[in-house]
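Okay, so here's the structure we're looking at.
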Amino acid sequence: MPRQMYDKGKIVAGLVIFVIIATFPFWYNIGKAAPAPELKLTDKAKAEKECVMSVTDMKAGHMQLLDEWRDEVVRSANRLYVNSKGKSFNMSLSNTCLDCHSNKADFCDKCHDYASVRPYCWDCHIDNPKATEEAKE
Amino acid sequence: MNKNYMFSLIAVIVLFLIAYFGVETAGLHVLFGIVIPYLAALIFIVGFVYRVRDWAYSPVPFRIPSTCGQQASLPWIRQATYDNPSSNGGVIVRMILEVLFFRSLFRNMRFELKGGKKLSYIWEKWLWLFALAFHWAFLVVVIRHLRFFAEPVPFWVQFLEYLDGFVRVEFLSDVLQVGLPGVFMSGLVLLVAVIFLFLRRVFISQVNYISLASDYFPLFLIMGIAISGILMRYFIKVDIVGVKEFTMGLATFSPSIPEGVGVIFYVHLLFVSVLLVYFPFSKLMHLGGVFLSPTRNLANNSRAKRHINPWNYPVHVHTYEEYEDEFREKMIEAGLPVEKESN
């Protein structure tokens, strides 16, 4: 007896659904070139040349640094951070990070959108202290 | 020590060493980053389709009423419409309960001879609970990973990340550096559940007795995947943006090797690739198989409907009518009753 497929309609329908789901990344991105966002450094950051830690450490671990800062400030009332090169910083999200990176929308946000992270910090911290001060004056 | 799980554990350790030295010492980034993942995806999809198609060649002519409730019978006897469905609608409900909530496993019981005489049935829900936690966490982890494979990231992936990350355990940050990035529950649940599923096979002697290397291997592999992923997220940080550039390169068929992404990423990637390759050839095919379980997906309507066996051999039967036609005269002669008096 020749081999025969049973319930062919249902099997094929199920397999088509499977293939559509399994190949999602391939068809979803068709025709989209999605390079990593180009980050813009502010003039101030350019002049400073270096971040708090090396770029590789910042890229991968800036959130851990912020976490450390937050704990130091809030729990130990210690606001001074000295990096491996002996340079000192005031441990502050809005006043230090966003001093050099005052272009938050073109820097932090662009990168976070690409990586799909939404830090909740801005619920409380002002995202652009300078602009806020100017507005007050 | 048990050779079945030692064998599987060693296999996973060897995979780790292959990825580690392959990338770190031999510098085979292209092999481990591009060639193997593409091959794995291909083998997974083609193998999966092949296996399911192969199953479809087996006829399932008869309903297998492995009942868990009253069958449809007389109008005044209440039918268990989902546990013993007689209609397609009932079957669909039963399948949904099975696939999403593992209803069969929920009926799991433990039997024990109390005092050597009395058989007791004990309510046992741990397997169901951890199996459910394991599979749902796995699904969430897989969907969350789509953030690396889609640009822009779809809103439903972002919503899931939001739900998954709502527990903020920053108070742990003295012990673990997990305050930021925020903790995703699914990864931890997955690891705990897979460890439970492993320990169950080790410590329950009856289960241990029937466990083979093919039962332990996927568990160790998934443990490896979960551990390497958790390490990458919370401990040995990698450049996430670099990783996404790489995965998007794979998805758009313009692959390139990212710079400065640590070897731990390649270990993670090899584990996942091996899981994908192993999938179609193993018991993991129950992902497709659950939809084709004959005891779950067929309505129990054997009494209402005739189901004919498709591989019945065409037997030549000699009906009574033919018999009578053949012997009518002799039967009449002998005085036997006939249905028709003449041909």
Reported set for the stretch B:102-129 where residues are open to solvent by 70 Å² or more (accessible area, probe 1.4 Å) and within 21 Å of B:Arg296 (Cβ to Cβ) is B:Arg103, B:Phe106, B:Arg107, B:Met109, B:Leu129
Filtering the stretch A:28-53 down to residues that are open to solvent by less than 60 Å² (accessible area, probe 1.4 Å) and more than 9 Å from chain B (Cβ to nearest Cβ) yields A:Thr42, A:Ala45, A:Cys51, A:Val52, A:Met53
Restricted to the stretch B:144-168 and to residues being more than 10 Å from every other protein chain (Cβ to nearest Cβ) and open to solvent by 30 Å² or more (accessible area, probe 1.4 Å), the residue nearest to A:Ala33 (Cα to Cα) is B:Phe155
>> Any residue that is at pLDDT 90 or above, under 27 Å from B:Ser302 (Cα atoms) and in contact with an Asp or Glu (Cβ under 8 Å, 6 or more places away or on another chain) - is there at least one of those in the stretch B:44-65?
In response: yes
The number of residues in the stretch A:1-18 that are at the interface with chain B (Cβ under 8 Å from one of its Cβ atoms) and exposed (fewer than 14 other Cβ atoms within 10 Å of the Cβ) is 4
Taking the stretch A:110-119 and the residues there that are open to solvent by 40 Å² or more (accessible area, probe 1.4 Å) and touching a Lys or Arg at 6+ places or on another chain (Cβ under 9 Å), the one that is nearest to A:Thr42 (Cα to Cα) would be A:Lys110
Within the stretch B:288-317, restricting to residues that are hydrophobic (A, V, I, L, M, F, W, C) and touching a residue at least 60 places away in the same chain (Cβ under 8 Å), the one that is farthest from the other protein chains (Cβ to nearest Cβ) is B:Ala304
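Residue under question is B:Ser256, and the condition is that it be farther than 19 Å from B:Tyr38 by Cα, open to solvent by 30 Å² or more (accessible area, probe 1.4 Å) and small (Gly, Ala, Ser); does it hold?
In short, no.
Taking the condition small (Gly, Ala, Ser), within 14 Å of another protein chain (Cβ to nearest Cβ) and either more than 27 Å from the chain's Cα centre (by Cα) or under 19 Å from B:Ile225 (Cβ atoms) (or both), does B:Ala41 pass?
Yes.
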Residue pairs qualifying under the 8 Å Cβ cut-off, at least six apart or on distinct chains, with the first in the stretch A:87-110 being in contact (Cβ under 8 Å) with a residue 40 or more places away in the chain and the second being part of a helix (DSSP H, G or I) and among the acidic types (Asp, Glu), are A:Cys100/A:Glu48
Check: Taking the condition within 14 Å of another protein chain (Cβ to nearest Cβ), among the hydrophobic types (A, V, I, L, M, F, W, C) and surrounded by fewer than 17 Cβ atoms within 10 Å (Cβ to Cβ), does B:Val52 pass?
Finding: no
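So that you can scan it fast, the table gives a plain yes or no per residue for (1) closer than 30 Å to B:Tyr209 by Cβ; (2) out of contact with any strand residue (DSSP E or B) (no Cβ under 8 Å at 6 or more places or on another chain); (3) open to solvent by 70 Å² or more (accessible area, probe 1.4 Å):
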{"residue": "B:Asn2", "(1), (2), (3)": "yes, yes, no"}
{"residue": "B:Met6", "(1), (2), (3)": "yes, yes, no"}
{"residue": "B:Ile10", "(1), (2), (3)": "yes, yes, yes"}
{"residue": "B:Phe21", "(1), (2), (3)": "no, yes, yes"}
{"residue": "B:Thr25", "(1), (2), (3)": "no, yes, yes"}
{"residue": "B:Val30", "(1), (2), (3)": "no, yes, yes"}
{"residue": "B:Pro37", "(1), (2), (3)": "no, yes, no"}
{"residue": "B:Ala41", "(1), (2), (3)": "no, yes, no"}
{"residue": "B:Phe44", "(1), (2), (3)": "no, yes, no"}
(1) without any contact (Cβ under 8 Å) to a residue 40 or more places away in the chain; (2) more than 12 Å from chain A (Cβ to nearest Cβ) all hold for B:Val241 apart from (2)
- Is it fair to say A:Ala60 is open to solvent by less than 60 Å² (accessible area, probe 1.4 Å), facing another protein chain (nearest Cβ under 7 Å) and in contact (Cβ under 8 Å) with a residue 60 or more places away in the chain? no
Of the residues in the stretch A:75-109, those that are small (Gly, Ala, Ser) and surrounded by fewer than 16 Cβ atoms within 10 Å (Cβ to Cβ) come to A:Ser76, A:Ala77, A:Ser84, A:Gly86, A:Ser88, A:Ala105
In the stretch B:307-343, anything within 30 Å of A:Gln4 (Cα to Cα) and surrounded by 10 or more Cβ atoms within 10 Å (Cβ to Cβ) is listed as B:His307, B:Pro310
B:Ala193 fails exactly one of (1) surrounded by fewer than 14 Cβ atoms within 10 Å (Cβ to Cβ); (2) modelled with pLDDT of 90 or more; (3) more than 16 Å from B:Arg233 (Cα to Cα), namely (1)
Counting only helices (runs of 4 or more DSSP H) entirely within the stretch A:17-76, those with at least 2 residues that are in contact with a helix residue (DSSP H, G or I) (Cβ under 7 Å, 6 or more places away or on another chain) and under 19 Å from A:Asp106 (Cα atoms) are A:43-48
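The values are calculated or read from the model by the stated rules, or taken from the named source; none is laboratory data. If you're wondering where the values come from, they're calculated on a predicted model, not measured in any experiment. Using ideal geometry, Cβ is built from the backbone for each residue, glycine included, and neighbour counts are taken over all protein chains shown. To get the accessible areas, we keep the full protein, side chains included, count just its heavy atoms, and leave off ligands, DNA and RNA. Shrake-Rupley method; radii C 1.70, N 1.55, O 1.52, S 1.80 Å.
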